[in-house]
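The values are calculated or read from the model by the stated rules, or taken from the named source; none is laboratory data. Worth saying up front: this structure is predicted, and the values here are computed from it rather than measured. When we count neighbours, we look across all protein chains shown, and the Cβ atoms used for this are built from the backbone with ideal geometry, even at glycine. Surface accessibility is based on the protein's heavy atoms, side chains included, excluding ligands, DNA and RNA. Shrake-Rupley method; radii C 1.70, N 1.55, O 1.52, S 1.80 Å.
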Amino acid sequence: MTVGESTQVAGAVVVTGLVPEDPAAWHTESSELLHPWEREQSRQFTRETRARYVHVHVAAHLWAAGVLGVEPGAVEITRRPCLRCRAEHGAPQVVVDGHSSYFSTTRTGRHYAFALSSRPVGVDLETIRSTLDVDAVAHVACSDTERAHLAGLSPAHARATFFRWWAAKEAVTKATGHGLKADFRTVVASGTDASSTWEFDGTAWHVAEVRVDGSDVVGAVAVPPSS
């Protein structure tokens, strides 16, 4: 499993990784580490997607165990209650001996990232896609001020900026538990830089860049500001 070096971001531990190209390497004897909801969710995918899913989730268990200094078998990744219906299919969390830590995961293509913290945390990776109609999506994902800023940029710069903003917005809404059901137009930054203070639903969030070198992937992690 190709997992990079963990870094500290405002109290959160963040790491990026890469799923191997060889499909056979995606299968692992460590799949027994997965929680029942993870196994159930994996059955909904095609064979190749299922293999990637299992690989990433096993990697998450092994990585969290290393960060927390426990055996992999002691780590459970469960779900917090949903904000809407309170059923246990909300944001993931890492549980060890009854004690929970906030946890977030993301994947785009072969790239993935994890974030672990004692406070709410969200992480997101996005592949900059040339096929996306940025103007159309910006109308449902960006504020009027953000759209005006994008309009003043070159097409390539506007596209890269949009995807960085999207990663920041999704990281924030993952941290709050709203996820993609949030109105991204109301997740706004204090400036035009994706790495800054963002506000959503009356709460400020510190957003930092997650770097994936040598790729067309951008990323962000969101945590509450340090007190």
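Every test in (1) farther than 20 Å from Thr176 by Cα; (2) under 21 Å from the mean Cα position of the chain (by Cα) is passed by His89 save one, and that test is (1). Here Arg119 qualifies as touching a Pro at 6+ places or on another chain (Cβ under 8 Å) and either charged (D, E, K, R) or at pLDDT 95 or above (or both).
Filtered by the rule that a residue be modelled with pLDDT of 95 or more and among the basic types (Lys, Arg), the stretch 136-182 gives Arg147, Arg159, Arg164, Lys169, Lys174. Under the condition of being under 19 Å from Gly73 (Cα atoms) and touching a helix residue (DSSP H, G or I) at 6+ places or on another chain (Cβ under 9 Å), the residues counted in the stretch 29-44 number 8.
The residues in the stretch 45-93 that are touching a helix residue (DSSP H, G or I) at 6+ places or on another chain (Cβ under 6 Å), open to solvent by less than 30 Å² (accessible area, probe 1.4 Å) and assigned to a helix (DSSP H, G or I) can be counted, and the count is 8.
Take the conditions (1) under 20 Å from the mean Cα position of the chain (by Cα); (2) closer than 15 Å to Ala168 by Cβ; (3) open to solvent by less than 20 Å² (accessible area, probe 1.4 Å); Leu150 misses just one of them, which is (1).
Give the residue that is modelled with the highest pLDDT, with candidates limited to residues of the stretch 1-24 that are part of a strand (DSSP E or B) and hydroxyl-bearing (Ser, Thr, Tyr). Step through it out loud before you land on a result.
In the first step, residues of the stretch 1-24 are kept if they are part of a strand (DSSP E or B); the result is 2-3, 7-9, 12-18.
Still in the running and hydroxyl-bearing (Ser, Thr, Tyr): 2, 7, 16.
Numbers: Thr2: 59, Thr7: 91, Thr16: 95.
Residue satisfying both the conditions and the ranking: Thr16.
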